[in-house]
Structure formats: structure tokens, C-alpha cells
């Protein structure tokens, strides 16, 4: 049985490059040869043991590659096509999918829903930091890459762009809205770009890293707030003449950012939360207006599926948004342990790393 | 200057019937002679000093009456007409109103928003537990009562029915949804009725008072859960085969009900919160799916305005919902202190009391 | 190769019961043994040659039955389960499905959309007026029947109820709306029931057949208008004090009903169209307010898929809506030609016929 | 009584500059001294007698000016403030306003709706092609101009920009949509800009005037189609690989553009219509998919009100959209007859003319 290299979770603190068999292709699957992939903040949570996965699992959920082999029941694709798949791989046929919530697809069960159930790669099945990845429910998930686009150009689509834009979309941003985005890591930067794309007129980006605030301006922020220098709630209320924002996007996953997002929200506004939290959250009575503020708090797990990927690649192709600057470093798959080291310590102003087998 | 009787907040623990001048009518106002009104749970919060209002303020925000005098700029009404006004009185011209969020009307300022700003009666201006009440922005707020309806029949419209239905509406209940409603006081009962009215197929009502659970069945609940006998989260998960509910409505305002509502929610579901909270709330990490459950939490302040009242009275007139059973006791205005005593202690299975001057 | 009986389109004017092979089961398919099915108005269009299908095709698109055999890639079902499938069978993986418009599924192509593409049974593939039917993309389409429900009780779910309710849903009916439903055939009756289920407060049903108007009252209509006796536009405007309706549902497919639906619509209202038209339509300048009435015209093709079917059966199980009265006649499959004769001539106050192999 | 100059409709073919009294200020009104206004295509319909208004009426509905005097009941503004008001002036208190459809405000009646009822300036009351205009329901309609913006910069807000953006908004354009805009006059150009602002990824603009097609590119069109050179339906289907567009915006008001917009629409897509039609329209059976295409057709009358104007001016201030190029000519009010002559004959590549008293 042919073997391949793969980045494997061994134990908390250790993700190593090792060998495992190239997977068998079931009738609904596609085997994709990875040409480029990347490391996500969630992978770092896995590395640190903060998010549990099975030992021996291949990590990674952002695949760019070429179809190597198609399952016997898969129609509409050809081997050799360049494709991506989303980080979240809805089956298309689950209850969750059929009621429009494919990200919560019940992970292999037909019935009902399971929180995060749609996230399979590098979570419940082998992921794509490897030479090959098996894409489940291939017809619902494979999206051909337009010829004009390079791997690096579409590398943000499977997760970062889909999640970040999702935050703007779930916020239901309208033309003329005032939007604050808390944290300008890759997802926050994409939320900033998404807010711009949907017609927000005043976008306020919050972070403390100068390089990230500078990138936020490139992504469409009108104002940047360095929370290490000023109180971001006060700064945002001052920028909005005390009115607050129509939509606040949380893109980090901590109590301070979640709470600040709530505090700057106008009555009737929406807090769109993208962060992955690791503790209980508190809704302060005043910020929550005792439950009488007509507020909405919405959370989003990265939307996936072939059509989502097609749309995001169309945005890239249109030139509306240039995410090129987000890929700051390149590594070979053989050097993925070094890539983890750089990325997990956020050295050298890293935003995203491209990994090529 | 003519004088009238009014229930006045004196200090925490004391709301007394006293006399004050019948108010002057400004150009946009209407003076309404009250024929029936009622006491709300919020009034009890005021009585207990848990919600602060100015000393000397007339309390009450659920007016049914007759137009006594119209402001000089008011068109479209005639003196002597039977009318109601909502508990929340949007101006129509504020920024909040013009962007569809009239409940958060900036309370007399043109600009922006103010949480609960649309709640004026018995909060920022004199209320309607009195012989007369001055209705601000009368054209936007007065709704003529259809001849066929009695005062008692429309007494729930200004607040209880508008808030309860609002919880079902903000939950965006769809045909076939499974809905849980936590607490079956008057607002929870109306939320149950609203869920039924919008096409929920399985409605689970939670309370512990047998009379309220019995009334919940009359309002449309398919199942009732006595939380003093069983764990409501377990009971609801069992009733839904582990799937959880599409929409959970919180109608009490406490951490246990809020948290239970979140715990029974399926991924992608909506927690529609109606309660008035008096403490910070906690979002438990697991129940909140670490922020990755595609959950929505929406809060609602009672929708007001003439058109809202017209619609609610049309529902009453249609016979679709019979809220008659909610008015369990009648008092004269002269006896309002006794009414407060009964209502605040929830004696004698009281749901709502009708007060007639 | 085993053979089965099937109702086959031979030529305009002739649908006959004949024999054909029981179909082979592909990896994603399920073979269902039909226990009950019915005839739709669309089948009559096919019979009359007004809607073209291939000669030799088995007609019928409303299957109730038992799983006989499952494709090799189908998970989550067992042979012997009682199931229904919708008239429209979205694949789950097409572009149309993945963007929430499964009814327009591209009929076997991965790309894009095709009007009516999701309608396959008795249109582009063999239908279910037969002893067996092959259900494509079985995982996305098979819905188990709750044990407590009979075949007759769920027979309206695959098409009539899904389409009729869809008209109410696409109209975005809200609590307190005034709704007119034009034509009270089976689909119009279900639209009436759907409007009631969503909280419409005044429902006006239009037809001319006394038995249908009587059934409309049972389905929830508050008023019925016999258009053979009065001008329905005038009657509806009179019933609404000249205001017009919030939502008008067209359930026949003719210029007069479409136009009347537009004429009774208030500015800002929605015309929800369910009819299958056979001619160009005219939008009269005045009724269309010269394009300045903030009107919406929405058309709906029957929503399908397993989750839709599950929800509709839940509505039936809840007892909210009793469609039992719609099945007015029963026939054996062997007598299907007689059933077509009765149904296509609308004799004997027929609404729907149940066909049992 | 002081007098002012005003452009008055005399009879079909004649709008002349004449004198009439400066109007009296009622309690809810504001008198605004016009500093800049413009001529709309609708005014040309009035001039030609195609749209009937009362003889002697002052025409014009796009006011930019300074508050001269405030009604006795108006709060929140000061005399001397620079303001605009929308072409459509919702009262704030009508039924239409209170249910979120202020453009259809019942024109001075409290009850119900009236198509185009919210359009009062130069339609049912004196307009603003004059030295002064009386703004009704001033609190709901006056919007202060940010200091940094010139009259010319906000001149498109009252109608052109609000209507054009409204077409994009009513189309519910989403990130990644393909949008076609038929006709690139001022409103079509703003629809193009609005589609861009909302995240459409491929925008196809149709016209035949080279200067307009060039301006369409500046407003955000990715492709332009000259319908005098090619069949626009074929061209658009070719550009979209046969898939059709997600949203088609009609911005002219003719059968050919309306029909072409329908023909290029994918199943499930939305035709957003902005045109003012002058004849009955035909929905061709095939283009309308016999009523089974899940299509939506939505019409929009210019959204008005102070908050709308505030938002549009915020868009201008943000620099997101530069409509400067739309004002191609300047005239003194004294020369307004010459301005009408130029504009109505569309000479000299005129797009919009600024008129200054």
C-alpha cells in the first residue's frame, strides 16, 4: 500500500511529520493531492492540547490541490482538476444541510445536528497537512479553481476568508453601517475586508500589533484603534459620537473582546462572534441592557461547501479584495514543524504560512 | 387646574394612590381618559426599588381608554374615540424609528438610540395607572379599538401580548419548528400563544405552577414540563430525541432559565430572550459550543406603535387566540394598592389584574 | 428481470397501465415499493399533452411506500422502513442545493441552475404511479414516516402540502396579516391552511365550487368569495375597507387570477404565485402601480428534500392541520385510468384520489 | 406676503419660472431655503404631460438648502442648519411608516397605504425647484449635511442615490453575486454603484451611450454591454457561461429592458425593478418559467426619511462612492427652462444638472 507524508498529532505539544498509508477512496469520496495548504489558529489549539483530537490524526483543514482519484459514485469532476474544498465539509444530505445550516452537519449521521459537526478535516477525519487528503461527499465539496488563480491566491478561501466574510454576513451589514472589528489576525482582517465588501461606511479595526493595524487599513478599515494605548470602548464611542456601532465583530475568542464588542453596540445592533472561546463568557447586565436592548448575538462556524468556495474564488478573481498580503511565509511540508514553531509563537509578524508538499 | 387620581411611586416599597394635576396637552399629544389598565411585572420591580424611576412619577404603561383631548397638530383622530397605546411609544420620527427599531427610540432626542428609550410611560414620563394619561406623539401611537372588542379583551395588547408575540417573532419561528418556552407567566403564556400562531409544531412549556402549566396548554403548548419535578433540560432533550429545539424563548429573566434555554438549543437555533434580567449572565462554554454553534441570541423590548396595536387587536378580533383567561382579577383604581399587594405576591393564582378608574 | 405495473405516458390523451422492468439500483439510489400515491393537476397537463414528457415515461411524483433496496453508498436507512420522498428531489450536492434553492437543482448536472430542474419524478425520470419507484440521491430525499401516521395522512406531503405551505412561506406572512388565496383546489386549500398556520388573521378564499369554499372554511378561511357571483377584487377591497391585502396567493395559473391577486394587493404587499401558467402574463400598469408600489411577486416550485418532508409530517402528526378531507376517492393502481378520468374531469367533487398498488 | 421664484407646471409642454407666495409654516413643517436642486427624469414625464400633476404646482423633489424657519412643534433642529430631505417624505406616523414601508405612506391620511403616497414634493404638494420649499413632517425628514460636504456632493442623495442603491438592496445582493443592470442613466449608474458597494463580484452594465457605459465602469461595472451592437440577453448569458445572473436590475421602465432582465435571471434569482413604466408589461411564459422558477420580482420607490439621508451622506463622506461625475451641468434657477430643454433632450451627454437659486 502506497504511503505518504502527513503532519500527525502525537500528544499535546507534538505534531510531527510522519508516514501513513494513502487512504482508500470510497464511492462518495475524492482523493486530492495537496499542492498547498496552511496552518490555522485552531491547529495551534490542537498542538497545545487545548482542543482535543485523536492521537495519530492528520491535522489541517485548508486544502488546495489536484484530484488524484474519484469515488465510483462521484459525477461531474475529472481527475487532474485543480480544486479546493472548504474547511467545513457538509455532506449535502444531512438534516443540517437540508435546512440551510450545513456547518452543523451531524458528522456522518443522517439525523439532526451536532455542534461543529461539519468540521471534519483534522478534527474527526484525517486532514490535509499531508501529501494527500480524502475529501468526503466530494460532489458537495470540491470546487474547481479558475485557471487564472494561483494556489496562494485561493489558499485563504477554505477557512480564513469564509469565516471572516461569514462574520460580516451574519452581522447583516447594510450600506452605511458603522462596524467595529475586534482583533486583526487573519480572520479579523477578512472580517474587515468583508465589512468593506458589504458596504459598511465606517469600519473601526482594533488590535495592538502595528503590522496588523497597518494591514487592517489595507483591508478597508477607516480607523484603527490600538487597544494597548487607549481604551477601545471609549475610543469607539468617541469615534461614533456616543452612538455606538451597528455591528461589532469579535474575531479573537476572549472575554475582554467579547465584552467590548457588546459595550460598543448600539441598541438594536448585532454582535457577530467568530472567536473560538476557551472559557465561559459573561454578559454584563449593563452592556446587555438587562435584556431589553433589542440586541442580537450571532455566532458563526466557517461556512463550507463547493458553492461557497466557488463564490469566494470569484471574489478573489474579481480583484475586489486582495488577500495576497496575508501569506507572509512559505514552508515545505518537510519543514512543517518549523512552520508550527514560527506560527504558534507569532514570530516575524507572521499572518499565514503556505505549506507545499 | 383640574386634578386626577394617580398611582405614584413614592419610594422603594411604596406606590400610593394620590392626586396630581391633569396634564396639559402639547401639540403632538393626546390626553386619554383611562377606562382600564393593569399592573406589569416591571411595575413590581419599580415598587421594590429594583428598577429606578423618579419619585412622584405615575407608574403603569398599559393604557385602554377614550380620547379626551387632542393636541393642535394631531390629525386623523376624534375626541371620544376608544383607543389603546402601546407600552412603548415610538415617536415615529427618531433615528431609531426610521431604521425600524422604534422600541429603542432615543427618548426625546432626535439622534441615535438609547436602550429602552422607547419605554416612556411610567418610566421617563407619567404613566397610566391614573384617571388620565398623556400620550406622546399621538399620531404614531393611538390605535382605535374595534367596536366589537371590550376593554378586557384588548388589555393585553399594549405590553403582554406584544412582548410575548415579539419573542416568537424574533425567534423567526417557522412552520414545523420545535419550540421551548421557559416560564409561563403572562408574557411566557403569550410567547406560547405566539409560537402556536406562527406554526410551531411542537411547543414545550416550562414552569412549576400547575395553574400556569394548565393555562399553557390552553395557549397551545403540546407538552408541559414542571421544572420543580424534573430537570427541564433533560426533559426537553428527551422529548426531542436528543435533537434539541429550533427556538428557545426565555420569559423570566434569570440565569437558570437563560442557561437552560441555551442548553436545549440545537446548533443553528435561536434563543429569543424576553426576560428583564437583574444580574450579569453567564454563557457556559459547552452550552455556547465555544462560539461555534451558529447560535443566535436575540433580545426584544416590547414592540409598540399604532400599527402594532392595530395588528394585535385584529388577532384578538379574529378569535385565533383567547387571552381572556389571563385577566384573573378586577380592582378599582381606588384599590390599586391592594392590587399591587396581590399581584406582587402572586397570590390566588393571579395572572393579570384589570384596574378600572 | 422482474417486472412491475406502471402508469405510462403513451401520447397526448393516453396514460395507460403497462408493465416495465423494476429498475436497477445505483449506488446513491433507493428502490421504494409504492404503497400509496396520487394524481396531481400537473399529471393532467401531461395527459392532455400541455406539458411535454418523453413517451414511455412513468408518471406521478407523490410517493408513499417502503424501502425495498438501498444503493451501495446509502447510509442511515434500512430496508423495510416506511418512507416518503418529495415531488422535487434535490440532490443535496448541486450548486442550486448548496445555495438554498434545491427545487432548481440542475437535474443531474453539477453546475448552475435549471428552472424546474429539481422536478425529476414523472418529468425527467420514471415516476411513482407504479409498483416501484427509484428515488435518486436517496440520503437527501427519503424521509421515514412516523409510526402513528397512515399512508393517507402523509399522502399530501410530497407535493400539495409542500407547495401550498410554500406559497404562504414565500409570502412571508406575519402575525396579523390579511391574506387572499385565489382558487381552492388542493394546492389553494393547503395555501389557506398554511396562511392560517403562519398567523394570518384575516384569510379570504376565492373559488366558485361550493364544496371547495366549504373546505376552505375548514382549512382556516375567515371569508369565502364566490367569484361566479361577485367580482372578487371588489369583494376583497370591501372586506378590507379599501386597504387591500398584505399577501395574495395565486393557486391556479391563469391571467385572471394572477391579475386579481395583483389588484387586491396593498402597496408594499407580496403576490405569492403557485400556479403553473400556460400563457404569457400581463402586468397591468395601474395594478402594478407603474412599478412604484414596492410590490414583490414571488414564485415557488414545491420545496422538496428529506428535512422538508420530516417537517410536514410533523405538522400532520401535531394535528395542527387536518388534510384528511382532501382525499375524496380511493382507487387501485389497476384502475388508475378510471382515476385519471374522474380526476381530470373534476367529477363528483373530487379533490385528491389515493392510488394503491 | 413675501414672494419667491418657482418652476411651475402650467400645462403639458410648459414648466415656467414664475412667482408665488413663500409658504406659511405649520407646526410640523420646516421652511427650507433652497441652495441647490436638480431635475429628475420624472419631472420630464410631468413636463411632457405623461405623469399628471395639478396645474400651478411647483415641481422638483431633490432639495438641498438651509433651514429658514421651523414649525412650532419641531424639535431637534436649528434655523440656519444646512439640510437635505428625501424626494419621498414619510410622515413617520402613518400606518405605512409604522410597518416599515414609508415610501407608500398614505399621503396625509392616517390609515392604510397609497401607492406612491410618500412622494409628495412636486407631486401632491409644492416641490423644490424654487427659492423655498416647505418640508412636511420635518422631524422625520430633515437631515443635517456634514460640514465637509458640498451641496453638489449631496445633491444625488434625495432621489438618484437612494433609488439606485434601493434597487441593489431590494435585490438582496450578496457577496459574490453576478448582477446585470439595465440602463445606465443616473439611477442605473447608482444601482451599479450600489451593487458594487454590496459585494457583487461580477457587474454587467447595459446601455448604448458610450459616455454612460464609460461612467458605468467608473461606478464599478466589470463588463459593459452596448445593446445597440449586440443582443444583451445573449451577451450576458455568454458572460455567465449560460448560468444567468443572480440579480437583474431594471432602471429604465420599458418592456424590452424588463423582459431582458427576466430572461437573464437564473432560477431562484431576483429581478429588482426601479423603472417608472408607462405601459402594461408582459411576462413571457418561458422567461417566467411558467411560474415555477422560484423567481422574485421586486419594485422599489425611492426610500426617504432623515435616517436614509444620513446614511447616504455617510457613504458620500466615506469616499466609497464618487458620484461627482454625475453632475454634468450647472444652471441658475432663472435659467431652469433652458435646463429642462437640455435635460429633456439629453443633449451634450447630460447626466444631471445642478440648479442654484
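Calculate the spin-label point distance for residue D:2 paired with residue C:35, positioning each point 7 Å from the Cα along the beta-carbon direction, and give it in nanometres.
About 8.5 nm, to one decimal.
In chain D, what residue has the beta-carbon at the shortest distance from the axis of the rotation relating D to B, and what is that distance in angstrom, rounded to the whole number?
In chain D, the Cβ lying nearest the symmetry axis toward B is D:92, 2.
Arrange the following residues from fewest to most other Cβ atoms within 10 Å of their Cβ: C:302, D:101.
Values: C:302 28, D:101 23.
Ascending Cβ contact count within 10 Å gives the list D:101, C:302.
Which percentage, to the nearest 5, of the DSSP beta bridges contained in chain D is antiparallel?
Working: 29 of 57 bridges.
In chain D, approximately 50 percent of DSSP beta bridges are antiparallel ones.
Would any residue of segment B:235-259 have its amide N under 12 Å from a label point 7 Å out along Cα→Cβ of residue B:282? List them or say none.
Residues B:255-256, B:259 fall inside that zone.
If each residue's Cβ is checked for other Cβ atoms within 10 Å, how do B:332, B:120 rank with the fewest at the top?
So the residues, fewest neighbours to most, are B:332, B:120.
I need the shape label for segment A:42-153. Rule: rounded when a/c is under 1.5, else prolate if a/b > b/c, else oblate, with a, b, c from the alpha carbon gyration tensor.
On the way: a/c = 1.85, a/b = 1.15, b/c = 1.60.
Oblate, since a/c reaches 1.5 and b/c is not below a/b.
Normalised by the residues of chain B, what does the relative contact order come to in percent, with Cα pairs under 8 Å and at least six apart?
Working: 886 pairs, mean separation 62.1, N = 357.
Computed value for chain B: 17 percent relative contact order.
I need the calculated FRET efficiency for the pair residue A:148 and residue A:208, taking r as the beta carbon distance and R₀ as 35 Å, to the nearest 0.05. Don't skip to the end; give the middle numbers.
Details: r = 37 Å, r/R0 = 1.06.
Computed FRET efficiency for residue A:148 and residue A:208: 0.40.
Anyone know which of C:42, C:282, C:300 comes out most mobile in the 10 Å Cα GNM of chain C?
Per the Cα network of chain C with a 10 Å cutoff, C:282 tops the list.
Relative to the other copies, what are the label-point distances for residue C:285, with labels 7 Å from Cα along the C-beta vector, expressed in nm at one decimal and sorted shortest first?
Output for residue C:285: 2.7, 6.4, 6.9 nm, nearest copy listed first.
Need one value for C:194-201: mean number of C-beta atoms belonging to other chains within 10 Å of its residues' C-beta atoms.
Numbers: counts 2, 0, 3, 8, 6, 14, 4, 12.
For peptide C:194-201, the averaged partner shielding equals 6.
For B:278-286, what's the mean count of beta carbons from other chains sitting within 10 Å of each residue's beta carbon? Don't jump to the answer; show the numbers that get you there.
Numbers: counts 3, 4, 7, 8, 4, 9, 3, 5, 2.
Counting Cβ atoms of other protein chains within 10 Å of each residue's Cβ and averaging gives 5.
Between copies, how far does the label point of residue A:35 sit from its twins, in nm, shortest first, when each point is 7 Å from Cα along Cα→Cβ?
Values, ascending and in nm: 5.3, 5.8, 7.8.
Fewest Cβ neighbours within 10 Å first, please rank D:294, D:348, A:147, D:151 accordingly. Mind showing how you got there, number by number?
Working: D:294 27, D:348 10, A:147 6, D:151 18.
Sorted ascending by nearby Cβ count, the order is A:147, D:348, D:151, D:294.
With runs of 4+ DSSP H residues as the only contributors, calculate the mean residue ellipticity of chain B at 222 nm using -39,500 (n - 2.57) per run, divided by the residue total and rounded to the nearest 500. Could the numbers behind the result be given before it?
Values: 11 runs with 89 residues, N = 357.
The helix contribution divided over chain B gives -6500 deg cm²/dmol.
Would you mind computing, in nm to one decimal, how far apart the modelled labels at residue C:79 and residue B:218 are, each placed 7 Å from Cα along Cα→Cβ?
5.5
Over what distance in Å are the Cα centres of segment C:253-319 and segment B:68-88 separated?
First find each Cα centre; the distance between them is then 38 Å.
Based on the mean of other beta carbon atoms within 10 Å per residue, what is the order of B:178-189, A:54-65, D:89-100, C:75-86, most packed first? Don't jump to the answer; show the numbers that get you there.
Values: B:178-189: 29.6, A:54-65: 23.2, D:89-100: 26.7, C:75-86: 18.5.
With the highest mean Cβ count within 10 Å placed first, the list reads B:178-189, D:89-100, A:54-65, C:75-86.
How would you classify segment A:163-299 from its alpha-carbon gyration tensor, with a ≥ b ≥ c the square roots of the eigenvalues: rounded for a/c under 1.5, else prolate if a/b is greater than b/c, otherwise oblate?
Rounded is the answer for segment A:163-299, as its axis ratio a/c remains below 1.5.
Using a ≥ b ≥ c from the Cα gyration tensor of segment D:232-282 (square roots of the eigenvalues), is it rounded, prolate or oblate, where a/c under 1.5 gives rounded and otherwise the larger of a/b and b/c decides, a/b for prolate? Mind showing how you got there, number by number?
Values: a/c = 2.48, a/b = 1.90, b/c = 1.30.
The shape class here is prolate.
Quick one: compute the contact order of segment A:163-299, relative version, from alpha carbon pairs under 8 angstrom and 6+ residues apart, as a percent. Each step should come with its number before you reach the end.
On the way: 311 pairs, mean separation 33.0, N = 137.
Relative contact order for segment A:163-299 comes out at 24 percent.
Over chain D, with a Gaussian network built from C-alpha contacts below 10 Å, which listed residue (D:335, D:126, D:29) shows the highest mean-square fluctuation?
Top of the fluctuation ranking is D:335.
Between the label point of residue C:72 and that of the same position in each other copy, find the distances and list them shortest first in nm, with every label point placed 7 Å from Cα along the Cα-to-C-beta direction.
Output for residue C:72: 0.1, 8.9, 8.9 nm, nearest copy listed first.
Using only alpha carbon pairs under 8 Å that are at least six residues apart, calculate the relative contact order of segment A:1-78 and give it in whole percent.
On the way: 132 pairs, mean separation 29.9, N = 78.
It comes to 38 percent, rounded to a whole number.
At what distance in nm do the modelled label points of residue D:54 and residue C:348 sit from each other, each positioned 7 Å from its Cα along Cα→Cβ?
6.6
Just for segment B:267-357, what percent of DSSP beta bridges are antiparallel, to the closest 5? Write down the numbers at each step before the final one.
Values: 0 of 9 bridges.
If I count the DSSP bridges inside segment B:267-357, around 0 percent turn out antiparallel.
When DSSP beta bridges are limited to those with both residues in the protein assembly as shown, what percentage is antiparallel, rounded to the nearest 5?
55
Any read-out appearing in this document is the output of simple, stated calculations on the displayed coordinates, not a laboratory observation. Everything numeric in this text was worked out from a predicted model, so none of it was measured. Note that each Cβ is placed from the backbone with ideal geometry, even for glycine, and that neighbours are counted across all protein chains shown.
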